[in-house]
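Structure first, commentary second.
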Amino acid sequence: DEREQTLNQILVEMDGFESNEGVIIMAATNRIDVLDPALLRPGRFDRRVTVGRPDVRGRLQILKVHTKKTPLEGIVDLEVIAKGTPGFTGADLANLVNEAALLAARDGKKSLGMIDFENAKDKVIMGVARKSMMLSDREKRVTAYHEAGHTLVGLNLPYTDPVHKVSIIPRGQALGVTMTLPNEDMLNLTKEKAENFISFLMGGRCAEELIFQEISNGASNDIERATDLARNMVCNWGMSEKLGPINYSRESNYNVYGGQGPAQFSDDTSKRIDNEIVETVKSNYEKAKTILQENADALHRVAEALIVWETLDAEQIKNLIAGVDIADLVVVDTPDALLVANKNQTQDVKHIFEQLKKMQHSTSELHQTVHRPWGTYTTLEEGPFYKIKRIEVKPGHALSAQSHEKRSEHW
Ligand code: ZN
């Protein structure tokens, strides 16, 4: 066995050192659980440093390192990117910057903007969009309801990760994606959270069944993940009341060199484990179903909006669930202030545009076009402030936060 040789070689080499030679040996592993105890004895690798995934401050610092040699547009806020990438490792962040650079280069841009990072994030998390893949109207409807089902269940259960974006643009193998921001840590997974996550995974299939009274094969990945989670709950995490806090995992019999030992429980217990796993998935399926039945109107609104817009962000979903017609919303966003209006406020928005026009001097030369998920605007740089030249708002987009700093007096 190759691994055994490696292990013996390391031990021989380490034992060869005199204690005063001043040689420090460092090694890294992702699988501390399968390390041979011989390596862990005092005098061998006797200092252990656990390196977890970086938190938001860590990610910001990592992003700073990876963007050091990358030209960024002035508007790029690394802190926003750091906040939007929980669960990313250093390697993931390096990859994100790399992808953003590739996307910017493809557009012939000389520097990276927020939109490049946003698109790179979608690509890294959800896979490459397959825009050429055509869905039939029927497939599109089923996919829209499937993803809307995930979204509604996720938003109605506590302890599920917030839905960040939902899309029916095919990516990789999937026809649609409901993207939740990966959780900071799965270390503290409670029983309730695990159960709610199973409901979330079942939400897609559930919506298909409720609306179309038929079942497609589009939920196979959801079912696989839900089953794995339920199995872990029962076998590894002692979350089943019936079976108690016992480890029923075959993996606990792993020997050092890989491979599984025989199961250490009876056929009867084995049956009870299987029943409990089925029960866990089924009961959470029912929970998802109840949520969708109670929120049928919102389910229809989100699904129909998906059919029209194909991708919805968290803000749009929130508005749709609240019954706001997202096509009615207009947004004006500048580095100085952020303003939201709906149809009956467009007069105010127009007024602000007029004011801005008056303030603009034709002497300014520096233009910058800023891409945001909701559209683009072109700014004129002048003094400490940017002034807007032109705004293009994509229909259906809304942001409601008022983010004002001192600069808002500029209005
Ligand atoms: Zn799904």
Can you say whether ARG250 is at pLDDT 90 or above and either open to solvent by 90 Å² or more (accessible area, probe 1.4 Å) or within 16 Å of the ligand (Cβ to nearest atom) (or both), as far as the supplied structure shows? no
Do any residues in region 217-230 that are over 18 Å from THR160 (Cβ atoms) have Cβ atoms under 7 Å from those of residues that are within 11 Å of the ligand (Cβ to nearest atom) and not in a helix (DSSP H, G or I), where the two are at least six apart or on different chains, and which pairs are they? GLY218/LEU175
Go through region 164-194 residue by residue and tally those that are open to solvent by less than 50 Å² (accessible area, probe 1.4 Å) and at pLDDT 80 or above. 6
Please report, ordered by residue number, the helices (runs of 4 or more DSSP H) entirely within region 47-163 with at least 1 residues that are more than 17 Å from the chain's Cα centre (by Cα), among the basic types (Lys, Arg) and surrounded by 17 or more Cβ atoms within 10 Å (Cβ to Cβ). 137-156
In region 216-247, what count of residues is obtained for those that are away from the ligand (no atom under 16 Å from the Cβ) and surrounded by fewer than 16 Cβ atoms within 10 Å (Cβ to Cβ)? 9
Pick out the one residue from ARG57, ARG3 that is at pLDDT 75 or above and charged (D, E, K, R). ARG57
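The values are calculated or read from the model by the stated rules, or taken from the named source; none is laboratory data. Being a predicted model, the structure only gives us computed values, none of them experimental. So basically every Cβ, Gly included, is an ideal-geometry build from the backbone, and we count neighbours across all protein chains shown. All accessible areas refer to the heavy atoms of the entire protein, side chains included, with ligands and DNA or RNA removed. Shrake-Rupley method; radii C 1.70, N 1.55, O 1.52, S 1.80 Å.
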